[in-house]
Amino acid sequence: MERMTKTDLRVVKTKKAIRLAFSELMSRKPMEEISISDISAEALINRKTFYAHYASVHEVIAEIEDEITASFQKLLAGKHLKDILGNPYGFFHDLLQIVNETIDVYGRLLTTNGNFNLVNKIIQMARREICLTFEHEAAVDKQTLDTSVYFTLAGMLAVFADWYSNGKKQPIESLSEQLGRLCFDGIHGILGIAE
């Protein structure tokens, strides 16, 4: 059993190194130009080691997308729109916590110039999951829900990318509270403007 655990830890560490290398390379060149040789050199592994874990660069990307989708599905499981509206700050904290836990890979992906396709895929996956989860509970039509979810996700990711790029100076709790207030109370709520 102990041997199995050590093997599993090596697999986890190697896959993490590969994903980190991929995200680092994305900061220097377009995603389409990143090769297995590039990733292997950046991760300090040989090509054979890469192929022991992934068949292609596209498989690395697919795994990142799958992990993000699974995180959103887990966050949304059992949630009801009325509960989120009752405690939006807690929901945004949990959402940003998912991103923060995987910041080494995802933070760089969100802040890399010229690689908008992957970020857009992430937004579209999250958008689809959130809309499917809440379409029967929302008191608006599907188009309004979709627009609202897209606006919220795009804005949240833009704020997160800025936070990450500027050295994460603000505590994530404070950032999630501000995002929750912006999304659920609007500009009036956060600036304290009376209607």
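Quick notes on this one:
- Intensity falloff of region 31-101 expressed as log10 I(q)/I(0), Debye formula with alpha-carbon point scatterers, at q = 0.14, 0.15 Å⁻¹: -0.61, -0.65
- Taking a point 7 Å from the Cα of Ile36 along the Cα-to-Cβ direction, the residues of region 52-69 with backbone N closer than 18 Å to it are 52-64.
- Sorted fewest first by neighbouring Cβ atoms within 10 angstrom, Glu32, Glu177, Glu59 come out as Glu32, Glu59, Glu177.
- Based on the Stokes-Einstein relation at 25 °C and a viscosity of 0.890 mPa s, and on the Kirkwood radius from alpha carbon pairs, region 49-88 is assigned a translational diffusion coefficient of 199 µm²/s.
- Convex hull projection area averaged over all views, region 1-55, Cα basis, nm²: 3.7 nm²
Laboratory data are not the source of any read-out in this text; all were calculated from the coordinates shown. Being a predicted model, the structure only gives us computed values, none of them experimental. For neighbour counting, all protein chains shown are included, and Cβ atoms are generated from backbone atoms with ideal geometry for every residue, glycine included.
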